[in-house]
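Beneath this line is the structure, given in C-alpha cells, with notes to follow.
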Amino acid sequence: MDVAHDAPTRLTQYAHGGGCACKIPPGELEDMVRGLTGIPEADLLVGLDDGDDAAAVRISDGLAVLSTADFFTPLVDDAYDWGRIAAANALSDIYAMGGRPVLAVNLLGWPRDVLPAELATEVLRGGLDVARLAGCPVAGGHSIDDPEPKYGMAVTGVADPVRLLRNDAGRAGLPLSLTKPLGVGVLNNRHKATGETFPEAVASMVALNDVASREALAAGVQAATDVTGFGLLGHLYKLARASNVTAVVDAAAVPYLDGARSSLADGFVPGGSRRNLDWVRPHLDASVDLDELLLLADAQTSGGLLVAGEIPGGTVIGELVPRDGHVLRVR
C-alpha cells in the first residue's frame, strides 16, 4: 500500500459514503419498490420482479435491448480513477446480463461552488476512457448542481434474447464461480479514513467484466449477476431466491485482495456491509465467524461476475443445491 502525500483535494471527504456502499439498504429498497412492476408486457423479458442487473426488452427475433443506470459518490480521492471506476461499474450491469454496451450517457452531480470544474472534467475523462475500452460511445448526459459529488452512467446494451444471463436461471448441481476478488469495500473505507491508497483495488474496480461475460455465454451459462453494493452474500441471496435453490459457499475458497483482512481487523467496515449481513441473516445458515461473514457481505464496487457455472479465470467458491430450508449456507 502507498500513503498519499500533499493531495490537493480529497474527494472522499465530500461524501457521506463512497461507491456502492452508499446504496439504499437492500431490505429498505425492496420495500420501497414492492409492487411497482408496471403493466405486464410480453416483450419485457426482465423487469423489476427479481431485482436483476438490467432491464431487457425484446425488439425483434434475435435482438433484445438492455437498459441500466448506476452512479455514486466518490470512493477514491483521485478524480480520474473515480470516473473510471464508476463507468466500469455501470457497464458491468450490461455484461452481467450477457450483453454488449452500445451507448452511454453521463450522470453528474457537482458542488460547483465548492469543487473546481477541472476536477469534474477529470471525472468525465476517466469515464470516457473506460467506455472507449468497452467500445461504447458516450453521447452527452445530464448534470446538476449538487451539494455532494456524484457520477455514473446510464447505459444501453444489446443481447440475444434467448441467451440472457439472468439471476432466476440457477439450477441445483451447478458450481458457483467468482471472477474478481472481494475486499474493495473495506479497502475503500480505509482509504477514505486514512488517505492510504490501494492500487490493486483500483485495478480490480476499473477492470471490465467483458471477457468474463463472453466466457460465460460461450460455456452455456444461463444464470449470473455481478457483485456490487449488496456484497457477495446479498447478490447471491437474490440469485438463489429467484432461482428457488440454496446457495452453498465455501468460505475458504473465496479470494480477497491484499489488505482486506487486516483492514477488517482494524475496524474499517462500511456500514453498508453490516446492513447487507443483517439483510441476509434470517435466510443464512453459517458455520464461520462474524468477521468472515462481514467480508462475504462486504459492499463491493465494480466487482466481478458471480456465475452459475465454471468459466476460465473464475474461482469456484461453492455450488447451488436443491432448496433445503435456507437460501444461503456458508461453511
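Throughout, read-outs are computed from the coordinates displayed, never taken from laboratory work. Quick caveat, the model's predicted, so the values are computed rather than measured. Methodologically, a virtual Cβ is constructed for each residue, glycine included, from the backbone with ideal geometry; neighbour enumeration extends over all protein chains shown.
Simple spin-label model, 7 Å along Cα-to-Cβ: ASP285 to ALA253 in nm?
Those two pseudo-labels are separated by 1.8 nm.
Please report how far the C-alpha centroid of the range 287-331 lies from that of the range 109-150, rounded to the nearest whole angstrom.
With the range 287-331 and the range 109-150 each reduced to a Cα centre, they are spaced 33 Å.
Going highest first, how would you order 210-221, 292-303 by mean Cβ packing within 10 Å?
292-303, 210-221
Semi-axes of the equivalent ellipsoid for the range 2-159, please: Cα gyration tensor eigenvalues, times 5, square-rooted, ordered largest first, whole Å.
Numbers: eigenvalues 186, 70, 33 Å².
Equivalent ellipsoid of the range 2-159: 31, 19, 13 Å, largest first.
Based on DSSP H runs of at least 4 residues, each adding -39500 (n - 2.57), what is the mean residue ellipticity at 222 nm of the chain after dividing by all its residues, to the nearest 500 deg cm²/dmol?
-9500 deg cm²/dmol
Do you know the relative contact order of the chain, to the nearest whole percent, from alpha carbon pairs under 8 angstrom that are 6+ apart?
Averaging sequence separation for qualifying contacts and normalising by length gives 24 percent for the chain.
Taking just the C-alpha trace of the chain, give me its Rg and Dmax in Å.
18.8, 57
Give a quick list of chymotrypsin sites (Phe, Trp or Tyr not before Pro) in the range 67-101 that DSSP marks as loop, anything other than H, G, I, E or B, with at most 13 other Cβ atoms within 10 Å.
Hits after loop and neighbour filter: nothing returned.
Tally Lys and Arg at +1 and Asp and Glu at -1 over the other residues with C-beta under 13 Å from the C-beta of ASP291: what net charge comes out?
-2
Going by a ≥ b ≥ c, the root eigenvalues of the Cα gyration tensor, does the range 175-330 fall in the rounded group (a/c under 1.5), the prolate group (a/b larger than b/c) or the oblate group?
Oblate shape, in that a/c is at least 1.5 and b/c is the bigger or equal ratio.
Could you sort the peptides 139-149, 52-62, 306-316 by per-residue average Cβ neighbour count (10 Å cutoff), highest mean leading?
Final packing ranking: 306-316, 52-62, 139-149.
Just subtract the alpha-carbon distance of ARG274 and ARG331 from 0.36 nm times their residue separation and send over the number in nm, one decimal.
Stretched out fully, the ARG274 to ARG331 stretch lengthens by 18.6 nm.
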